[in-house]
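Everything on this sheet refers to the single structure shown next.
No value in this document is a laboratory result; all are computed from the given coordinates. This is a predicted model, so every value here is computed, not measured. Quick reminder, even Gly has a Cβ in these numbers, built from the backbone with ideal geometry, and neighbours come from all protein chains shown.
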Amino acid sequence: MTRRVWTRLVRHIDLPLLVTLLPLMLVGLVVLYSASGQDIGMVMRQAVNMLVAFGVMWAVANVPPQHLARFALPAYAAGLLLLIGVALFGEVSHGARRWLHIGVTRIQPSELMKLAIPLMLAWFLERREKTLNFKDFATAAALLLLPVGLIVRQPDLGTATLILASGFYVLFLAGLSWRVMLALLVAGALSAPVLWSVLHDYQRQRILTLFDPTQDPLGTGYHIIQSTIALGSGGIFGKGWFKGTQAHLDFLPERTTDFIFAVYGEEFGLLGNLLLLFLYLLAIGRGMLIAMKAPTLFSRLLAGSVTLTFFTYAFVNMGMVSGILPVVGVPLPLVSYGGTSIVTLLLGFGILMSIHTHRKLVQT
Amino acid sequence: MTQRTELKNHQQELYHFRVRLAVGALFVLLLFSLLALRFFYLQMVEHEHYQTLAENNRISIIPVAPNRGLILDRNGVILAHNYSAYTLEITPSKVADLEETINSLTEIIDIAARDRKRFKKLLEESRNFESLPIRSRLNDVEVAKFAANRYRFPGVEIKARLFRHYPKGELASHALGHIGRINDADLDLLEEGEDLSNYKGSDHIGKLGIEQKYEKQLHGETGFQQVEIDAGGRAVRVVNQRPPVSGNNLYLTLDIRLQEVAEKAFGQFRGAMVAIDPKNGEVLAFVSKPGFDPNLFIDGIDPTNWDTLNNSPDKPLNNRALRGQYPPGSTFKPFMALAGLDLGKRSPSYTISDPGFFTLPGSSHQYRDWKKGGHGSVDLHKSIVISCDTYYYGLANDLGPDNIFNFIGRFGFGKKTGIDIEGEAAGLLPSRAWKMKRHKQKWYAGDTISVGIGQGYNLATPLQLAYATAILANKGIAVQPHLVRSIQDSKNGRSTNMPLKIISGQPFKAENLERVHLAMIDVTQPGGTAARVGAGAPYLVAGKTGTAQVVAIKQNEKYIESRVAERNRDHALFIAYAPADAPRIALAIIAENGGHGGSTAGPIARQILDYYLLGKLPQSEAVTPTDAETEDEDHD
């Protein structure tokens, strides 16, 4: 009896994927304990966040992909309306208009778009599957650029880039022609000077700071200087758990959230970093396998995009902390402290599990 | 057949997808290899370099706050400067028992109850890890005493810091304003302006007046020192630095000696005076009495001083020159007269026979002249010289509210002048539209009558009145009043004059301006309402007196000044420019509860003009409220 209940409960959980996620989250808790100054309360709160996120993942995994597809249009439309709402009535904080007040709470609609975009584009392209042509790609691109444009204007260049990437992955996997991509690349390179002129001062500053962090040592440059010192001084084996001087002498900013990787790299060194890369690769690899085996175009595109987006978050965060990418507010997936990020991520993995565990039902 | 092609298509599609996926996987591997290379570079190749930075000598970045720019008057007299002194500071987050620490500190260093209260207030308003001053300006003995006992007080230290000081104290305090400690609201503003990193080393920011308006110029650029810190936290060596860039110096349009003469001339009176150079809009003196000592506000005012200032019935914190709104009273008449002439409603020779009151056709309500029995026959010239109300009741009725609103508005009434400090009041020049919006009522003919003599809904700030007078003195050409004359760049020492802003508008007719001008000269001649202003002066003064009611007088009541409580007495007003034929100064004075313009505001004006035009300092003591009780001839 209990056995049957158990089987029913775990029927839609993909064990290999779960097994790759757990060590990543464990690493997160271990580093958080050190980064927070051994604040066990914070670790417990994050553990609760993770449990909630697992609940969400389990629930989504049990929804068949064709039902997920029904959410595509409503989620996209709602996200777009909310973004327009932000542009018109949004609350300005830190010089950017990103938040929308609804009744008691305030929301950041760009978060919703992170999953709504791949869902919408995959759904749209599947509907056109039989006759997929250039016009369909153009329409899909328009569906993508509309919300991205609104987010750029907030301005939130980091989130906009990530959402643009998640949508681009869908188009790319659906077979966007190489020639079009090349043309876009050339056009992008040519329009770079124009883009530069429309960027906000602080955005330009962040890019300039990347090339020479000492230019702005009191502002963003400070983060990069300190996080590279943290990583570099960690050496091959790291300084050991709780022994990172950069982290514990208050040199590292945002060390439990966006810069947690600097704490990790300082305390666990090059070997620790390579281990982390390996763990990420395992999760990404499993995601790609799921995409490869997915039965429908919709599920293939969705699984591929969710996986590549997960990779992008990890790459952008580590690239930023190690000083090869500009500072944008992206947490290290599954490791950084914060509830929203982890729930969104596991929701994505829930989708992957749903696709994988429902595939036989579709094929028959 | 079709099934087979579909199947084939499907296979082909799947193949294409897998190729794309493989490209994606390559992309992932490539970028992760890039990261791995970066880690390899940082953690193996450059490891020793970073090791040195982090382990033996940790790098710390210390912001170096710039010197705030000086504020000087037009002649180079310093009004705000900085000096270096020692303060005793506590970092609350590093102290276990704050109360206990302060108690033991008191045994070594004198800490007054006032200092404690101020510290408590700072504590409530401060950011988390800030160090807060508990005592400033320590002397050498106190510094030595603390140094010897330092080990007993972790989290307490002595810092050498630059302090702002306003050497002239109350003088011109309402124009200068002051700085104060940065609070959360300031931080939000800085963050919004992307200015936060430039304030890393700063504790203070301009809060009021010129200090606030010109914050960007005055603050300067924060520098930094990248220093190596040893295990004990002491700075060992400067690795890299960028010196701070001092703020720019401001040269004001104010003449502080004129300001001093003017403030002294007010004596015990509350009120305001603004003097402007009509040719260029430079504000020569900007008085709001009583003033306050801006030095009290720099590090947070202590509660005792605050209560005294805030609860005083004299309201010393109120910037009367900028924000005080008073009925302009009879000083409105020259502008009305010009309106009558320019709009063709009055000719210079048009004469009325004044019975001492005015009635609207078909009404019995009497609008009374200030002089019982009237002034006899009155033409335009005489109407200004003796300030005849009846003449203007009729004129206002003939002009109508729309003409008055449009014409008088050209002198800046009812609009902010745009002076370069924040918080200016706009005054009020009433119109039909305004009344409908504000009172949900239509305009009555009676409203126009009282507006005609500057009463009724009319309100103007002393600054506006001075500005209007300057426009009149400058033959109708309006130059925006301003307080900063030039900015001296701290990097190259070069001064840049602030550009003049000439407000273009419809010109007035020269011969009409001349008529009003001649009448205003006779106001200060024998027979005029301000005869004592011109008496014995070697220059000609064009002026106009005014009185603004504080308490309404009933229809059949007579206003007897000595019977009215001091604070309910009328406000005395006076506007003037001199020398009349080539004006170098235009001014407006309001002496609150001063009675008549001619008797109290006039003598103040004379002292100011004598000093500015002749360099003559006043001989006798200033007028006091008891001098204000004068005979009826001087009225209005």
Q) Residue separation times 0.36 nm, minus the C-alpha to C-alpha distance between B:Gln325 and B:Thr304: what's the value? A) 4.6 nm
Q: Straight distance only, please: which lysines reach the Cα of B:Lys475 with their own Cα at less than 26 Å, same-chain residues fewer than 8 apart left out?
A: B:Lys279, B:Lys333, B:Lys345, B:Lys382, B:Lys415, B:Lys416, B:Lys501, B:Lys509, B:Lys544
Q.
Straight-line reach from B:Lys616: which lysines fall under 19 Å, measuring Cα to Cα and dropping same-chain residues less than 8 apart?
A. B:Lys264
Q. Looking at the square roots a ≥ b ≥ c of the eigenvalues of the Cα gyration tensor of chain A, which shape do they give, rounded for a/c under 1.5, prolate if a/b is larger than b/c, or oblate?
A. oblate
Q. What spacing in nm lies between the two simple spin-label points modelled at B:Leu518 and A:Ser177, each 7 Å away from Cα in the Cβ direction?
A. 9.0
Q.
Below 8 Å, C-alpha to C-alpha, sequence gap of six or more: please give me the relative contact order for the range B:267-393 in percent.
A. 17
Q) B:Glu170 to B:Glu192: FRET efficiency via 1/(1 + (r/R0)^6), r the Cβ-Cβ distance, R0 41 Å, to the nearest 0.05? A) 0.75
Q. How much length is gained if the chain between B:Glu124 and B:Phe153 is pulled fully straight, taking 0.36 nm per residue apart and subtracting their Cα-Cα distance, in nm to one decimal?
A. 8.3 nm
**Q.** Relative contact order (percent, whole number), chain B, Cα cutoff 8 Å, 6+ residue spacing
**A.** 14
Q. To the nearest 0.05, how large is the calculated FRET efficiency for B:Asn139 and B:Ile62 if R₀ is 30 Å and r is the Cβ-Cβ distance?
A. 0.65
Q) Once whole DSSP H runs in chain B are found, which of them have Cα atoms spread over 30 Å or more along the helix axis and a mean Kyte-Doolittle score of at least 0.0? A) B:2-40
Q.
From the helices alone, meaning DSSP H stretches of at least four residues, give me the mean residue ellipticity at 222 nm for chain B, per-run term -39500 (n - 2.57), in deg cm²/dmol to the nearest 500.
A. -10000 deg cm²/dmol
Q. The range B:58-150: which trypsin sites (Lys or Arg not before Pro) are DSSP loop and have at most 14 other beta-carbon atoms within 10 angstrom?
A. B:Arg127, B:Arg137
(Q) Could you check the spin-label model distance between B:Leu98 and A:Ala138? Points 7 Å from the Cα along Cα→Cβ, value in nm. (A) 6.7
Q | Spin-label model distance (nm) - A:Arg153 vs A:Arg359, 7 Å beyond Cα toward Cβ | A | 4.2
(Q) As an exercise, identify the trypsin sites (Lys or Arg not before Pro) in the range B:379-487 lying in DSSP coil whose Cβ has no more than 11 other Cβ atoms within 10 Å. (A) B:Lys440, B:Lys442
Q: Select from A:Gly235, A:Gly287, A:Gly348 the residue whose mean-square fluctuation is largest in a Gaussian network model of chain A (Cα-Cα springs shorter than 10 Å).
A: A:Gly235
Q. How high is the FRET efficiency from A:Val194 to B:Ala535, r the C-beta distance, R0 56 Å, rounded to 0.05?
A. 0.15
Q.
Given an 8 Å cut-off on Cα distances and at least 6 residues of separation, report the relative contact order of the range A:15-363 as a percent.
A. 27
**Q.** Sparse-neighbour loop sites [GluC sites (Glu not before Pro); the range B:117-184; at most 14 other C-beta within 10 Å; DSSP]
**A.** none
**Q.** Reach of B:Lys159 by Cα under 18 Å, taken over lysines that are not fewer than 8 positions away in the same chain
**A.** B:Lys94, B:Lys145, B:Lys200
Q. Based on the Kirkwood radius over alpha-carbon pairs, what value in µm²/s does the Stokes-Einstein equation return for the translational diffusion coefficient of the range A:223-319 at 20 °C and 1.002 mPa s?
A. 147
(Q) Give me the extension gain from B:Thr496 to B:Ala185: residue separation times 0.36 nm, minus the current Cα-Cα distance, reported in nm with one decimal. (A) 108.8 nm
Q) From the square roots a ≥ b ≥ c of the eigenvalues of the alpha-carbon gyration tensor of the range A:125-199, which class results: rounded (a/c under 1.5), prolate (a/b over b/c), or oblate? A) oblate
**Q.** Long-range lysine pairs (8 or more apart or interchain), the range A:15-363, Cα under 26 Å
**A.** 5
Q | trypsin sites (Lys or Arg not before Pro), loop per DSSP, at most 13 other Cβ atoms within 10 Å - longest free stretch of chain A | A | A:12-242
